[in-house]
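Read the structure below first, then the notes.
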Amino acid sequence: MTLTPTQALQNYLAAWNAPDAEAASQNLLACCVSDVVLIDPNARLPVQGWGSIAGHIASAREALGPLQMEATSGIDAHHGVCRLSWQLADGPDVRQRGLLIAEAAPDGRLRRVIHFVDA
């Protein structure tokens, strides 16, 4: 089965909004290749593998609280690359905003995800 950019990114956002690392892992498994790489300014080094990314998400949620990652734009996609604007918010209280760029494998699963955080 091939994923569309919308399907892949919806699962990725669901991983960030999951209640625990196990649920995040299940969402990442549905949308990412096994050796997916996350490049995030809040991680000292690139994070590789969906299990490690689930752990990174759990750590971020522990540090920031029960925030929701939400798309604030539509998804632009072409040639296996997609992007969207996002925010981390607790209801109307927005804590961070940024840009997410992702590169997909031929089957549509994400193989590289890059987060930029706005100043």
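Go through the residues of region 54-68 one by one and say whether even a single one is at pLDDT below 90, surrounded by 15 or more Cβ atoms within 10 Å (Cβ to Cβ), in contact with a Phe, Trp or Tyr (Cβ under 9 Å, 6 or more places away or on another chain) and hydrophobic (A, V, I, L, M, F, W, C). Yes - at least one qualifying residue is present in region 54-68. The conditions of being surrounded by fewer than 20 Cβ atoms within 10 Å (Cβ to Cβ) and free of Cβ contacts under 8 Å to residues at least 40 places away in the same chain are met by GLN48. Applying the set (1) in contact (Cβ under 8 Å) with a residue 60 or more places away in the chain; (2) surrounded by fewer than 19 Cβ atoms within 10 Å (Cβ to Cβ); (3) farther than 19 Å from GLU62 by Cβ to LEU29 leaves exactly one unmet item: (1). So ILE39 clears everything in (1) surrounded by 17 or more Cβ atoms within 10 Å (Cβ to Cβ); (2) touching a residue at least 60 places away in the same chain (Cβ under 8 Å); (3) not acidic (Asp, Glu) except one condition, right? Which one? Unmet for ILE39, out of (1) surrounded by 17 or more Cβ atoms within 10 Å (Cβ to Cβ); (2) touching a residue at least 60 places away in the same chain (Cβ under 8 Å); (3) not acidic (Asp, Glu): (1). For region 69-100, taking the residues that are surrounded by fewer than 16 Cβ atoms within 10 Å (Cβ to Cβ) and within 16 Å of CYS32 (Cβ to Cβ), the one that is modelled with the lowest pLDDT is identified as GLY80.
Being at pLDDT below 90 and at positive phi: is that true of GLY49 here?
Details: at pLDDT below 90: no; at positive phi: yes.
No: the conditions fail for GLY49.
Residue check: TYR12 meets all listed conditions (1) in contact (Cβ under 8 Å) with a residue 60 or more places away in the chain; (2) buried (at least 17 other Cβ atoms within 10 Å of the Cβ); (3) assigned to a loop (DSSP other than H, G, I, E, B) but one, namely (3). The strands (runs of 3 or more DSSP E) falling completely within region 38-119 that include 3 or more residues that are within 13 Å of the chain's Cα centre (by Cα) and closer than 19 Å to SER25 by Cβ map to 110-117.
The values are calculated or read from the model by the stated rules, or taken from the named source; none is laboratory data. Note that this is a predicted model, so its numbers are computed, not measured. Ideal geometry is used to build each Cβ from the backbone, glycine not excepted, and the neighbour counts take in all protein chains shown.
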